[in-house]
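The values are calculated or read from the model by the stated rules, or taken from the named source; none is laboratory data. Computed from a predicted structure; not experimentally measured. In this analysis, Cβ positions are derived from the backbone assuming ideal geometry, glycine residues included, and neighbour counts consider all displayed protein chains. Surface accessibility is based on the protein's heavy atoms, side chains included, excluding ligands, DNA and RNA. Shrake-Rupley method; radii C 1.70, N 1.55, O 1.52, S 1.80 Å.
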Amino acid sequence: MTTLTPPTRARLAALAAVPLLLLTGCGGDDSDNTSDDTSDTSDTSDTSDDDAGDVPALQGEDCDSDVTLGGALTAQWSGGAKVDVSESDVAPPATYQSNHDGYMLTVSAVGNGFDDATVTLLADGRSFAVPFGEGSVDVEADGSGATIQADAPEIGSDEKVRIEATFTC
């Protein structure tokens, strides 16, 4: 019989770091990186919809999302999102992201060495993460969509955000 233990703060912190690693290009294909990628940074100055503070938005294919947050943070939005599908063995097979007014919801699928789906929310300098195996987290590895209904505790505090989100790609 397997006994599940509650996630530790260290495990939650590691979970919150996954999207940051993915967004910084870890495991990406360097063949697409050219000097032209950094030549014009003026387009990234508006952070209201594209990122959460210093974390850049996910690049990928367009899809739709419906997100509702409750609890420690309340917000609701619908609209554009991104999905990035990877065949790399150092990145989840699919990562979804929805951004709105400084909120960044990132969801990653199981596979390619990742044993658990991840759900993280960054907002106003705060980080929230759904503990592994908790809530209802259904993330398609083929990039077709995801559905989340779960509580996400804040890293380093007892506050929680209820995340209800659907990605349709």
Point to revise | Qualifying positions in the range 59-117 - over 16 Å from Gly145 (Cβ atoms), assigned to a strand (DSSP E or B) and small (Gly, Ala, Ser) | key: Gly70, Gly71, Ala75
Exercise for review: Identify all residues within the range 133-147 that are open to solvent by 20 Å² or more (accessible area, probe 1.4 Å) and either modelled with pLDDT of 95 or more or closer than 15 Å to Leu105 by Cβ (or both); write none if there are none.
Suggested key: Glu134, Gly135, Ser136, Val137, Asp138, Val139, Glu140, Ala141, Asp142, Ser144, Thr147
Practice item. Return the total of residues in the range 148-169 being in contact (Cβ under 8 Å) with a residue 24 or more places away in the chain, part of a loop (DSSP other than H, G, I, E, B), surrounded by fewer than 16 Cβ atoms within 10 Å (Cβ to Cβ) and of a type outside the set (Asp, Glu). Key: 1
Check your understanding: In the range 103-132, what residues are closer than 16 Å to Val55 by Cβ, of a type in the set (Gly, Ala, Ser), open to solvent by 10 Å² or more (accessible area, probe 1.4 Å) and out of contact with any helix residue (DSSP H, G or I) (no Cβ under 6 Å at 6 or more places or on another chain)?
Key -> Gly125
